[in-house]
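The structure appears below as structure tokens.
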Amino acid sequence: MKTIIVHHRSPHHAKHSGYGRLIDYLENAYEVRGSSWLPYRLAKLIGTWSHQQAGLYDSSSVFKELELYKNLRQCTEPTIVHYLNAERDVRHLVKHHNKRQVKFVGTFHKPPHILKQTIADTRYLKHLNGAICVGDNQVDFIKSWLGLEHVMYIPHGVDTQFFLPDISKRREEPHLLFVGQHLRDFETLNACVPEIIARMPQTKVTVILKKEFVEKVLPHENIRICHGLHDEALRTEYQKAHILLLPLLEATACNSILEAMACGLPVITSRVGGLKSCLDGTGNIFCDNKKEFIDRTIALLGDNYQQHKIAEACRLKALTYDWHVIVEQVKQFYNTIL
């Protein structure tokens, strides 16, 4: 079986983060990078003409599709084409390609309500032969929305060889960590952190996010804001903290939560989306309102035994999401499509 990967790497993901890491664990997979003879201005024009209600399609998508077409013309064996980000790049080939031995698979990352809002035209996606969901809250929706038979929940992976615990780096004073910007609940963060600090004045907070989102966080003398960290520095922040405090508006999978778990960092987050199954059996804490975030964060900061207990459970759970485990599940899914 031949595997061809169509991928869009988010620039804010660290080298060891993101769904694109799947490529590193798929033996002999060919990654479509978008090399093409087509002039950029023409590719940009084609991308502009494309109906964006069918999913994002831009100049890079045009280049990828041309390269993919060239590869598929040469296919003489059973082939899986896997769009790692099915919210973008899926267009003409999936609808018009007629080689029976070629099957198209897409992984969806967005929550159902966002998919429904942003992709009103599903005529291309309905030609996929299968879909992978990174959150169990997507499965029933994708089946109904696209009318696909082969839809499976396969968790997002994490690099547990890179993201790992190091208690020697743990800070002495209570330390909270907040990471990322996508679907983060900044309103809850800004309401809760000053109250937590008022009740536990020694508490420090580190916020890591893209530079253009810095203004989302209300300034406070106990808050340190970071952006542009390299991989090792990001890992160190996970290892230094006592709790990942991460209010969310919605979620399927969450890189920051997976990386925190792999580093043995307890998580306090919102009761939304697919997080319940992701964190099942770890003892991590779900909150429904600001008062719960404040009270339960303070309680856990003051309970070293419970922190240690959750940390151990987090690491064990994260090992079940190691990319070596996840890639085997993905390959088994490929076999059900072929």
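Considering the stretch 74-106 alone, what residues qualify as being out of contact with any strand residue (DSSP E or B) (no Cβ under 9 Å at 6 or more places or on another chain) and at pLDDT 90 or above?
Result: R91, H92.
Kindly indicate which of T269, T206, T236, T188 is over 16 Å from the mean Cα position of the chain (by Cα), among the hydroxyl-bearing types (S, T, Y) and within 16 Å of R296 (Cβ to Cβ).
Numbers: T269 fails: over 16 Å from the mean Cα position of the chain (by Cα); T206 fails: within 16 Å of R296 (Cβ to Cβ); T236 fails: within 16 Å of R296 (Cβ to Cβ).
Answer to the selection: T188.
Of all residues in the stretch 292-338, count the ones that are open to solvent by 30 Å² or more (accessible area, probe 1.4 Å) and touching a Phe, Trp or Tyr at 6+ places or on another chain (Cβ under 7 Å).
1
From the list A318, A241, which residue is of a type outside the set (S, T, N, Q), in contact with a Leu (Cβ under 9 Å, 6 or more places away or on another chain) and under 21 Å from H109 (Cβ atoms)? Spell out the reasoning first.
Working: A241 fails: under 21 Å from H109 (Cβ atoms).
Just one listed residue meets the conditions, A318.
When you look at K211, is it touching a residue at least 12 places away in the same chain (Cβ under 8 Å), surrounded by fewer than 21 Cβ atoms within 10 Å (Cβ to Cβ) and over 17 Å from R184 (Cβ atoms), yes or no? Break it down stepwise before answering.
On the way: touching a residue at least 12 places away in the same chain (Cβ under 8 Å): yes; surrounded by fewer than 21 Cβ atoms within 10 Å (Cβ to Cβ): yes; over 17 Å from R184 (Cβ atoms): no.
For K211, the condition - touching a residue at least 12 places away in the same chain (Cβ under 8 Å), surrounded by fewer than 21 Cβ atoms within 10 Å (Cβ to Cβ) and over 17 Å from R184 (Cβ atoms) - is not met.
Condition (residue is closer than 22 Å to V151 by Cβ and open to solvent by 30 Å² or more (accessible area, probe 1.4 Å)) applied to the stretch 61-80: is it met by at least one residue?
Within the stretch 61-80, one or more residues are closer than 22 Å to V151 by Cβ and open to solvent by 30 Å² or more (accessible area, probe 1.4 Å).
Go through (1) without any contact (Cβ under 8 Å) to a residue 24 or more places away in the chain; (2) touching a Leu at 6+ places or on another chain (Cβ under 7 Å) and name the single condition V272 misses.
Of (1) without any contact (Cβ under 8 Å) to a residue 24 or more places away in the chain; (2) touching a Leu at 6+ places or on another chain (Cβ under 7 Å), only one is false for V272: (1).
Determine which single condition A251 fails, assuming it passes every other condition in (1) in contact (Cβ under 8 Å) with a residue 60 or more places away in the chain; (2) closer than 14 Å to F178 by Cα; (3) of a type in the set (A, V, I, L, M, F, W, C).
With (1) in contact (Cβ under 8 Å) with a residue 60 or more places away in the chain; (2) closer than 14 Å to F178 by Cα; (3) of a type in the set (A, V, I, L, M, F, W, C) applied to A251, the lone miss is (2).
Residues to consider are E195, E172; find the one that is of a type outside the set (S, T, Y), open to solvent by 30 Å² or more (accessible area, probe 1.4 Å) and closer than 26 Å to D288 by Cβ.
Values: E172 fails: closer than 26 Å to D288 by Cβ.
Criteria check complete, one pass: E195.
Going by the structure shown, is H96 surrounded by fewer than 18 Cβ atoms within 10 Å (Cβ to Cβ) and within 22 Å of L338 (Cα to Cα)?
Considered against the rule, which asks whether it is surrounded by fewer than 18 Cβ atoms within 10 Å (Cβ to Cβ) and within 22 Å of L338 (Cα to Cα), H96 comes out as yes.
The values are calculated or read from the model by the stated rules, or taken from the named source; none is laboratory data. Keep in mind that what you see is a predicted model, and the values were worked out from it rather than measured. In this analysis, Cβ positions are derived from the backbone assuming ideal geometry, glycine residues included, and neighbour counts consider all displayed protein chains. Accessible surface is based on the protein model in full, side chains and every heavy atom, while ligands, DNA and RNA are left aside. Shrake-Rupley method; radii C 1.70, N 1.55, O 1.52, S 1.80 Å.
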